[in-house]
Amino acid sequence: MPIVISDQTVIQDFVRKVEEISGEKISKCMQCGTCTGSCPMIAEMQISPRRIVLLTKFGQQEQVTGANTVWLCASCHTCLVRCPRGLDLPKVMEAIRLVTLRMNENYIEPFEIDSETIEDLPPIALVSCFRKHTA
Amino acid sequence: MSDQGTLALEEETPKVEAKLIPVYIMGKKYEVPESLTIMKAMEYAGYKFIRGAGCRGGICGACGTVYRLPGDYHIRVGLACQTVVVPNMYLTQIPFFPANRAVYNWKDLKGEAEEVYKVYPELFRCLACNACSKVCPMDIPVMDYIAAIKRGDLEKAAEISFDCIQCGLCATRCMGELAQYHIAQMVRRIRGKFLTPPSEHCEKQVEAIKSGYYNQYLDELKALGALDPKAMDKVTAEIKKLKTLYNERQMEPDTAEDDWTPESDYALLK
Amino acid sequence: MKIGYYPGCTLKSRAKNLEDAAIASLARLNVEAVELERWNCCGAVYSLADDDLIHLLAPVRDLIRAKDQGFDKVLTLCSMCYNTLARANLLMKDDEEKRNTINTFMEEESDYAGEVEVVHMLNFLRDEIGWEKLRQVVKHPLADLKLAPYYGCTLTRPREVTIDPAVNPVIFKDFVEALGATFVNFDHATECCSSYQMISNPETALKTASEIIASAQSQNADALILSCPLCEYNLGRRQDAILEKHGGLKPLPTYYFTQLLAVALGLEPSVCRFDLNPPTSAQLLQQKGLLAQTAA
């Protein structure tokens, strides 16, 4: 998939926001792909973690926020402990999630979960899910 | 007329000049007497309550008021009917807030915490930020009872939230968009029905009433004589008899010992 | 010895088995775990946003409770609570600006600067009790039990809070061997169970979780040992769904590490609350003759 670099597709504000919320310098990434190789949720991700960072570098907000990648991320931190550059990718993932969440768009709505499921779930699951996927 | 008695003023009551202080009601400045409550001050200023007033006695929760004092960022709260005005109070009432109130079928409940979670899943959005506790006019630690419900301790939550008057101010401040007071009300109902032991003596009394145990005593009272509805202002013999019976009824003294027994067992359930 | 104890929400309901077994085992080891008063939910996950301080209030408040109640250490059993409290603690220790902002904001609480140490029961056992001492106190060694300890994510990642080196941790191995059981290593021991994705993306989550079961079984483990109620939900309670969707896997009993500790110490099975585990858990122990009385 080619990345089109133009003033229409590169959203500088997106890069700035992601760096601000995460506190990380995206340019640290050297695209080695170790994160992708470590990710437990990679099978269903539309765009790999490595490519997400690449696209973020180029301000491709629509592709990055439109993919399911950051919403499948389980914050397991395996990528962080293996990244040769020490880029805190979990924080970057959270920042990208928050770009959407802070616009008051939740990924999951508490009232959409069916009652039997809620009855079955332990509090820890609901608390962590709502923290990550709702604003 | 003498036993009714009308107050005859012997002398003029001395005139008292009330000191006026400025208060800001919804941003507009008014000068009101300093000894008034917020509610009275608002009425003094010309407001007429059709919402935001109720019992006027600090218990119905209709008059939740939020205010600030000059130069201070703190948000303060009080009930308008109970809180006395202070100079330069900058206030508004919040008589209503659209807080989520779940609909559930009471008959389906078994009294488990999961039943609360099912209808109020947003409970788990609580951040423990404490904004709710800070805004409670009854000084209830709201965050603490939400924490108790999250860990399934409905008894504790019911206890902590006991004084809640359902004013809704907690919900107005909640970052997680919970309606704490509605959740707590459901929990208190569950506690009342499922967690507290049933009141055996109450059940016995209800049985006794249904079985007609008290009918003879009621008949005896009625036999005193009929009251004339057209002449209720007359102190009739019937009314005198009732008053005597009432005033001479047996009452357990406040300072009674554990082994106190009534002198007569008239009309008592045996 | 007394230690402050932070349970976390789930340990008071669904994971009471993790708690009861722990408290009883600690008592047997002459440690009194004193539950903190007025604790609140820690939030389960550590906020990863640099500009976000509101989500730190919950764990910091619990640390303040520990400090105010006179504890210099607070013990956790739940891995996620451990991780959240430990990371929040580090922030309060190291980041002066954020520390000041949080302390100023929480004016109703005492100031806090990371004075309390957060420990997980595993490193408490290793550092304060010692494996040798534990071995001596064990009454019923769990011989003939091949155990695969599952760390999950939050005990060993990120590096700043890990209870043992993040790559190839050994602490759980030492624990298993101190109880007299056979340690089974499997390559998914530190892989993520999919955590909260079991709610948001259940199909993917079940697949990810199934890989852990498959990996443990490929090494002939009798059972999986866990430390986290969310891992227990994904790998234990939801195992029926995993087995249904991913053929070729056999049921794999799951235990909290404290339950096996209690059994090895010879405590009453009732403290283990096996009624909260899937039925296979108690069944396996009965088969192996490790439950002295009938399971409660």
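The values are calculated or read from the model by the stated rules, or taken from the named source; none is laboratory data. No experiment lies behind these values; they were computed from the predicted model shown. Heads up, the Cβs are rebuilt from the backbone with ideal geometry, glycines too, and the neighbour counts pull from every protein chain shown.
Within segment B:64-86, the set of residues being assigned to a loop (DSSP other than H, G, I, E, B) and without any contact (Cβ under 8 Å) to a residue 40 or more places away in the chain comprises B:Leu69, B:Pro70, B:Gly71, B:Asp72, B:Tyr73, B:His74.
Taking the criterion of being within 21 Å of C:Glu128 (Cα to Cα) and either hydrophobic (A, V, I, L, M, F, W, C) or modelled with pLDDT of 95 or more (or both), the residues of segment C:167-198 that qualify are C:Val170, C:Ile171, C:Phe172, C:Lys173, C:Asp174, C:Phe175, C:Val176, C:Glu177, C:Ala178, C:Leu179, C:Gly180.
Evaluate segment B:191-208: report whether one residue or more is assigned to a helix (DSSP H, G or I), within 30 Å of C:Gly43 (Cα to Cα) and at pLDDT 95 or above. So far as segment B:191-208 goes, yes, one or more of its residues are assigned to a helix (DSSP H, G or I), within 30 Å of C:Gly43 (Cα to Cα) and at pLDDT 95 or above. If I filter segment B:176-212 down to residues being charged (D, E, K, R) and under 22 Å from B:Gly64 (Cα atoms), which single residue comes out as surrounded by the most Cβ atoms within 10 Å (Cβ to Cβ)? Only one residue fits best here, namely B:Arg188. Contact map, segment C:68-88: first residue within 13 Å of C:Cys9 (Cα to Cα), second residue in a helix (DSSP H, G or I) and among the small types (Gly, Ala, Ser), Cβ cut-off under 8 Å, separation 6 or more or different chains; pairs are C:Leu77/C:Ala22; C:Met80/A:Ser128. Taken over segment B:45-57, residues that are touching a strand residue (DSSP E or B) at 6+ places or on another chain (Cβ under 6 Å) and surrounded by fewer than 18 Cβ atoms within 10 Å (Cβ to Cβ) amount to 1. I'm trying to understand the selection: among the residues of segment B:69-82, which are within 14 Å of B:Ile94 (Cβ to Cβ) and surrounded by 15 or more Cβ atoms within 10 Å (Cβ to Cβ)? Passing the criteria: B:Arg76, B:Val77, B:Gly78, B:Leu79, B:Ala80.
Here is a yes/no grid of residues against (1) surrounded by fewer than 22 Cβ atoms within 10 Å (Cβ to Cβ); (2) within 14 Å of chain A (Cβ to nearest Cβ); (3) over 17 Å from C:Gly266 (Cβ atoms); (4) under 18 Å from the mean Cα position of the chain (by Cα):
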residue: C:Leu18; (1), (2), (3), (4): no, yes, yes, yes
residue: C:Ala22; (1), (2), (3), (4): no, no, no, yes
residue: C:Arg28; (1), (2), (3), (4): yes, no, no, no
residue: C:Val34; (1), (2), (3), (4): yes, no, yes, yes
residue: C:Arg38; (1), (2), (3), (4): yes, no, yes, no
residue: C:Gly43; (1), (2), (3), (4): no, yes, yes, yes
residue: C:Asp51; (1), (2), (3), (4): yes, yes, yes, no
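For segment A:1-108, the helices (runs of 4 or more DSSP H) that sit wholly inside it and include 3 or more residues that are closer than 19 Å to A:His133 by Cα are A:12-22, A:61-66, A:69-72, A:89-101. Against the criterion of being buried (at least 20 other Cβ atoms within 10 Å of the Cβ), part of a helix (DSSP H, G or I) and in contact (Cβ under 8 Å) with a residue 60 or more places away in the chain, C:Leu122 qualifies. Considering only segment C:171-185, I want to know if a residue exists there that is of a type in the set (Ser, Thr, Tyr), without any contact (Cβ under 8 Å) to a residue 40 or more places away in the chain and within 30 Å of A:Pro110 (Cα to Cα). Looking for residues that are of a type in the set (Ser, Thr, Tyr), without any contact (Cβ under 8 Å) to a residue 40 or more places away in the chain and within 30 Å of A:Pro110 (Cα to Cα), one finds none in segment C:171-185, hence no.
Taking the condition at negative phi, of a type in the set (Lys, Arg), more than 12 Å from chain C (Cβ to nearest Cβ) and buried (at least 20 other Cβ atoms within 10 Å of the Cβ), does B:Arg173 pass? Judged against the criteria, B:Arg173 is a match.
Taking (1) over 33 Å from the mean Cα position of the chain (by Cα); (2) at pLDDT 95 or above in turn, B:Asp233 satisfies each apart from (2). Scanning for something surrounded by 15 or more Cβ atoms within 10 Å (Cβ to Cβ), in contact (Cβ under 8 Å) with a residue 40 or more places away in the chain and of a type in the set (Ser, Thr, Tyr), does segment A:16-26 turn up at least one residue? Among the residues of segment A:16-26, at least one is surrounded by 15 or more Cβ atoms within 10 Å (Cβ to Cβ), in contact (Cβ under 8 Å) with a residue 40 or more places away in the chain and of a type in the set (Ser, Thr, Tyr), which makes the answer yes. Looking only at residues in segment A:81-133 that are under 24 Å from C:Pro229 (Cβ atoms) and among the basic types (Lys, Arg), the one that is surrounded by the most Cβ atoms within 10 Å (Cβ to Cβ) is A:Lys132. Do we have any residue at all in segment A:56-77 that's over 11 Å from the mean Cα position of the chain (by Cα) and within 9 Å of another protein chain (Cβ to nearest Cβ)? There is at least one residue in segment A:56-77 that is over 11 Å from the mean Cα position of the chain (by Cα) and within 9 Å of another protein chain (Cβ to nearest Cβ). For segment B:150-166, does any single residue satisfy the condition of being within 29 Å of A:Glu109 (Cα to Cα), more than 14 Å from chain C (Cβ to nearest Cβ) and in a helix (DSSP H, G or I)? Taking every residue of segment B:150-166 in turn, at least one turns out to be within 29 Å of A:Glu109 (Cα to Cα), more than 14 Å from chain C (Cβ to nearest Cβ) and in a helix (DSSP H, G or I).
Scanning segment A:30-40 for residues that are surrounded by fewer than 20 Cβ atoms within 10 Å (Cβ to Cβ) and hydrophobic (A, V, I, L, M, F, W, C), we see that the one that is nearest to the other protein chains (Cβ to nearest Cβ) is A:Cys32. Would you confirm, using the coordinates I've provided, whether B:Val116 is closer than 23 Å to C:Arg14 by Cβ, in contact with a Leu (Cβ under 9 Å, 6 or more places away or on another chain), in the same structural domain as B:Ile183 (by TED's automatic domain parsing) and hydrophobic (A, V, I, L, M, F, W, C)? So B:Val116 fits the description; yes.
Kindly indicate whether any position in segment C:264-273 is within 14 Å of another protein chain (Cβ to nearest Cβ) and more than 19 Å from the chain's Cα centre (by Cα). No, the conditions are met nowhere in segment C:264-273. On inspection, B:Lys243 passes the criterion of being surrounded by fewer than 12 Cβ atoms within 10 Å (Cβ to Cβ), out of contact with any Asp or Glu (no Cβ under 9 Å at 6 or more places or on another chain) and farther than 30 Å from B:Asn130 by Cβ.
Please work out if A:Ala135 is more than 7 Å from chain C (Cβ to nearest Cβ), farther than 20 Å from C:Thr10 by Cα and of a type in the set (Gly, Ala, Ser). So A:Ala135 passes the test. Taking (1) within 14 Å of another protein chain (Cβ to nearest Cβ); (2) modelled with pLDDT of 95 or more in turn, A:Ala43 satisfies each apart from (2). Please give the helices (runs of 4 or more DSSP H) falling wholly within segment C:147-259 in which 1 or more residues are at the interface with chain A (Cβ under 9 Å from one of its Cβ atoms) and surrounded by 20 or more Cβ atoms within 10 Å (Cβ to Cβ). Hits in segment C:147-259: C:197-200, C:202-218, C:229-232. Annotation: B:Pro137 fulfils all but one of (1) buried (at least 22 other Cβ atoms within 10 Å of the Cβ); (2) more than 14 Å from B:Arg76 (Cβ to Cβ); (3) more than 14 Å from chain C (Cβ to nearest Cβ); the unmet one is (2).
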